[in-house]
Amino acid sequence: MAPLRITVWNEFRHEQQNPDVRRIYPDGIHQAIADGLTQELGDRISVRCATLDQPDHGLTEDALAQTDVLFWWGHMAHGDVRDDVVDRIHQRCLAGMGLIALHSAHYSKIFTRLMGTSCSLRWREAGERERIWIVDPSHPIVNGLDCESFDLPHAEMYGEFFDIPQPESLVLLSWFQGGEVFRSGCTFKRGKGKIFYFRPGHETYPIYYHAKIRKILANSAVWAAPTGAVYHTDSRHIPEFDT
Ligand code: ZN
């Protein structure tokens, strides 16, 4: 079987500006995510990385045409992502490319466009404990996790209300030490494309090295891969039928 073609996109700004972030992710958050995917999925995938400052943000027509699943990490530079590139990603999503929106990608142009809501939430940066509960244990995104919940010792809190449309599946629900809860793993479909929003991953915590987080990321790539029938986006008048 041909390998699943994954592009891991990162705005790659925090790592260049903040030594604390660089210490945790010396080659960038994208590289840690790509390494985790390779560790889990080996030669079942081919992974490339793309970043904001590359021409066309590393997401040319050709690059997107050769992407089955796109991972997106952005935070401080959502506004710097060109609208024509967002249009291009949007079209690819509707045509079947999977999108994994990570952490602060809740406010990315592509995610808010696909959701159609504000995607606002509550947050607090206090390094508190997060417990992530698996609330849809039969979902392929949690294959092999072998637990009911797991803890991240230090996380940025994201709390409800998270202004998203009702997810197709709610897979993961977080509890935080301060008392808040959050829908941390949500799936959606838009056109022929599958979307997974996955909350963990603040830049000052080593979350993308965590074994269970890596397992979820790998499972989500496999789940979001394009499948299925021919997809036409134009409306068609069908004048005749055979009896
Ligand atoms: Zn954050």
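The values are calculated or read from the model by the stated rules, or taken from the named source; none is laboratory data. Not measured: the values here are computed from a predicted model. Backbone-built Cβ (ideal geometry, glycine too); neighbour counts: all protein chains shown. What goes into the accessible areas is simple: the full protein's heavy atoms, side chains included, and nothing from ligands, DNA or RNA. Shrake-Rupley method; radii C 1.70, N 1.55, O 1.52, S 1.80 Å.
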Worksheet, complete the sentence: Taking chymotrypsin sites (Phe, Trp or Tyr not before Pro) as exposed when in a DSSP loop with at most 11 other Cβ atoms inside 10 Å, the chain has its longest clean stretch at 1-160
Discussion item. Around Thr7, under 11 Å between beta carbons, what's the net of Lys plus Arg minus Asp minus Glu among the other residues?
Written reply: +2
Response to the item:
From most to least accessible, 1.4 Å probe, no ligand or DNA/RNA atoms counted, Arg13, Arg129 line up as Arg129, Arg13
Worksheet item: On average, how much accessible surface per residue is there in the stretch 13-69, in Å², for a 1.4 Å probe, leaving out ligands, DNA and RNA?
Response: 50 Å²
Worksheet entry | Percentage relative contact order, the stretch 30-186, counting C-alpha pairs under 8 Å, at least six apart | 17 percent
Worksheet item: Hey, how many Å between the Cα centroid of the stretch 145-159 and the Cα centroid of the stretch 171-243?
Response: 18 Å
Worksheet item: For the stretch 178-229, with every protein chain kept in place, what is the accessible area per residue (1.4 Å probe, Å²)?
Response: 30 Å²
Practice prompt. Measure off, as a whole percent, the carbon and sulfur share of the 1.4 Å-probe accessible area of the chain, all protein chains present.
Written response: 50 percent
Discussion item. Suppose the chain between Thr227 and Arg129 were pulled fully straight at 0.36 nm per residue; how much longer would it get relative to their current alpha carbon spacing?
Written reply: 31.6 nm
Practice prompt. Run the numbers on the stretch 146-243 and let me know its relative contact order in percent, using alpha-carbon pairs under 8 Å that are six or more apart.
Written response: 19 percent
